[in-house]
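Notes for the one structure printed next.
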Amino acid sequence: MHRRFRVQVAFRVAVIAALVAGAAYLVLGLRLYLPGGLLGACAIPVAVSLVRYVEKTTRDLTRFLESVRYADFTRRFTTDGRGPVFEDLRDAFEDVTAEFRRLRAEKERQVQYLQQVVQHLGVALITYQDDGEVETMNTAARRLLRTGPIRHVEALERVSDELAETLRTLDSGEQAMVRVEEEDRTLQLAVRVSRFQLQGEPHALASIQDLRNELEEKEMEAWQQLTSVLTHEIMNSVAPISSLASTASRRLRVGERNGTISADQATDAREAVNTIERRSEGLMNFVDAYRSFTDIPAPEFEVLDAEGLLSDVEGLLRAQIEEQNLAVVVSVDPSGLTLSADPDLLDQLLINLALNAVQALEEAPGTGQGRIELRAFVDRRSRPVIQVEDNGPGIPDDVQEKIFVPFFTTKEEGSGIGLSLSRQIMRLHGGRLSVRSTEGDGAVFTLRF
Ligand code: ADP
């Protein structure tokens with residue numbers, strides 16, 4: 001229908017001109033008013049068609065520009081054979097849409113890239129609008145606050161009212177400390193908020209760090225370094241002392257036999273040397289035990305049946321349990337619960353905890369019957385959890401801070417290595433070991449995987 005634009009327009013103009021000229025001739029020249037009028041009226045539809053035809057081009061342009069505005073780049077500008085001018089125009093529009101598409105893809109790439117970076121960061125990050133509507137929450141934030149995706153900062157009231165309030169009101173650039181007490185853990189959160197405008201709209205970016213956990217990790221690293229340096233140094237010095245003491249003791253015996261040393265002198269000296277020998281051997285054993293703390297092998301993960309795991313621990317402690325007449329309860333919910341861990345390391349850890357419970361009940365039997373519960377279940381996020389609980393004397397608040405420090409012990413024969421080793425094992429599993437206890441009212445150790 002559409003020919004070249006120029007031809008179409010020129011044709012219509014020519015028809016209108018011819019009709020008007022014809023009408024003028026009839027009216028003015030021949031004085032034929034009626035036919036002249038009719039012929040003139042014929043020019044009207046042609047004029048309307050001319051206007052429509054020109055408007056169609058404008059409409060096409062408008063539609064095309066709208067499609068650009070709504071970023072719909074599927075629509076194409078058609079020339080309908082309206083001639084080279086329109087082909088040039090179409091080419092120009094195609095260039096424009098190609099450039100728009102390229103810019104849009106580039107923008108999307110950048111957004112995705114930044115989102116990856118944000119998700120990957122170890123620091124918990126939340127961005128939200130001024131009214132509290134959450135825009136982004138990275139993996140670290142969800143893990144730290146143990147929440148799924150949230151829509152509104154208010155949802156964090158479930159974790160802590162103070163945290164939600166701090167996010168809403170903290171001034172830009174300021175830092176606040178928020179303490180969060182949960183059933184099985186205490187967080188010491190450092191919250192920093194920066195507020196900014198994006199296209200006139202106020203936004204906020206909050207970073208949240210758990211200082212306590214971070215300190216614990218640093219502390220553990222420092223302890224490990226110290227232990228490895230110390231054990232190395234002690235071993236280097238003690239090994240020759242121990243062997244020299246044996247040599248000296250042998251020489252004394254020979255001297256005594258030869259009569260070069262009097263019996264009295266020999267006895268005194270031998271006693272001294274024997275003591276050195278014994279003490280240095282003791283020291284070597286002691287150091288050897290502590291080496292285990294820095295030399296935990298990397299876990300070899302296997303799928304373990306929780307019920308079997310806990311029953312094994314109970315079996316291993318049967319002798320002590322019967323001797324102290326303790327009640328031991330093993331519960332697994334849901335039954336058949338499995339978890340992925342290194343069987344040897346986890347056994348060692350659970351035995352540490354269960355033995356501590358047995359010893360706590362032995363030291364302070366309390367009034368009721370000694371009771372130990374070994375529990376396995378899943379938490380809100382469907383992660384396996386194991387708990388070892390006793391109704392022993394519990395742990396005073398000021399001691400709770402220290403029990404995970406290597407070598408800390410309140411027992412005469414204790415090594416103080418069990419809990420720090422256990423926590424380290426959980427760390428290597430990517431999990432956590434925490435304690436909850438009220439003095440006089442037992443202790444619960446919780447393993448989260
Ligand atoms: P050790 O058992 O050699 O002392 P641990 O690191 O296993 O070393 O424990 C450190 C300290 O934690 C213990 O000396 C004890 O004071 C405290 N503790 C551990 N478990 C319990 C428990 N179930 N009840 C009370 N106190 C505990």
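Read-outs: derived from the displayed coordinates by stated rules, not from any lab. Keep in mind that this is a model prediction, so the values were computed, not measured. Counting neighbours? That spans all protein chains shown, and the Cβs are built from the backbone with ideal geometry, glycine included.
Give the residue, chosen from LEU350, LEU428, that is buried (at least 16 other Cβ atoms within 10 Å of the Cβ) and not hydroxyl-bearing (Ser, Thr, Tyr). None of the others qualify; the one that does is LEU350. Against the numbered list (1) basic (Lys, Arg); (2) farther than 30 Å from GLU362 by Cα; (3) touching a helix residue (DSSP H, G or I) at 6+ places or on another chain (Cβ under 8 Å), ARG250 comes up short only at (3). If I filter the range 163-173 for residues that are closer than 27 Å to GLY431 by Cβ, in contact with a strand residue (DSSP E or B) (Cβ under 6 Å, 6 or more places away or on another chain) and either touching a residue at least 12 places away in the same chain (Cβ under 8 Å) or buried (at least 17 other Cβ atoms within 10 Å of the Cβ) (or both), do I get at least one hit? Yes, because at least one residue in the range 163-173 is closer than 27 Å to GLY431 by Cβ, in contact with a strand residue (DSSP E or B) (Cβ under 6 Å, 6 or more places away or on another chain) and either touching a residue at least 12 places away in the same chain (Cβ under 8 Å) or buried (at least 17 other Cβ atoms within 10 Å of the Cβ) (or both).
Look at LEU345 and say whether it is within 26 Å of GLY282 (Cβ to Cβ), touching a residue at least 40 places away in the same chain (Cβ under 8 Å) and part of a helix (DSSP H, G or I). Talk me through it step by step, then tell me what you get.
Values: within 26 Å of GLY282 (Cβ to Cβ): no; touching a residue at least 40 places away in the same chain (Cβ under 8 Å): yes; part of a helix (DSSP H, G or I): yes.
Here the answer is no, as LEU345 does not meet what is asked.
A residue that is within 11 Å of the ligand (Cβ to nearest atom) and either of a type in the set (Gly, Ala, Ser) or over 30 Å from the mean Cα position of the chain (by Cα) (or both) occurs somewhere in the range 420-436.
Residue-by-condition table, conditions (1) closer than 18 Å to GLY442 by Cα; (2) of a type in the set (S, T, N, Q); (3) part of a strand (DSSP E or B):
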position: LEU361; (1), (2), (3): yes, no, no
position: GLU373; (1), (2), (3): yes, no, yes
position: ARG380; (1), (2), (3): no, no, no
position: ILE386; (1), (2), (3): yes, no, yes
position: THR410; (1), (2), (3): yes, yes, no
position: GLY416; (1), (2), (3): no, no, no
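Yes or no: the range 189-212 includes at least one residue that is over 30 Å from GLY173 (Cβ atoms), of a type in the set (Phe, Trp, Tyr) and either touching a residue at least 12 places away in the same chain (Cβ under 8 Å) or assigned to a helix (DSSP H, G or I) (or both).
The initial filter retains those residues of the range 189-212 that are over 30 Å from GLY173 (Cβ atoms), namely none.
No, because not a single residue in the range 189-212 is over 30 Å from GLY173 (Cβ atoms), of a type in the set (Phe, Trp, Tyr) and either touching a residue at least 12 places away in the same chain (Cβ under 8 Å) or assigned to a helix (DSSP H, G or I) (or both).
Out of the range 140-165, which residues are within 19 Å of ARG212 (Cα to Cα) and not basic (Lys, Arg)? Talk me through it step by step, then tell me what you get.
If we filter the range 140-165 for residues that are within 19 Å of ARG212 (Cα to Cα), which is where we start, we get 140-146, 159-160, 162-163.
ALA140, ALA141, LEU144, LEU145, VAL159, SER160, GLU162, LEU163, listed by residue number.
Scanning the range 356-374 for residues that are touching a residue at least 60 places away in the same chain (Cβ under 8 Å) and either among the polar types (S, T, N, Q) or more than 9 Å from the ligand (Cβ to nearest atom) (or both) yields ASN356, LEU374. Out of the residues in the range 391-401 meeting the condition of being near the ligand (Cβ under 8 Å from one of its atoms) and in a loop (DSSP other than H, G, I, E, B), tell me which one is surrounded by the fewest Cβ atoms within 10 Å (Cβ to Cβ). Ranking the qualifying residues of the range 391-401, first place goes to PRO393.
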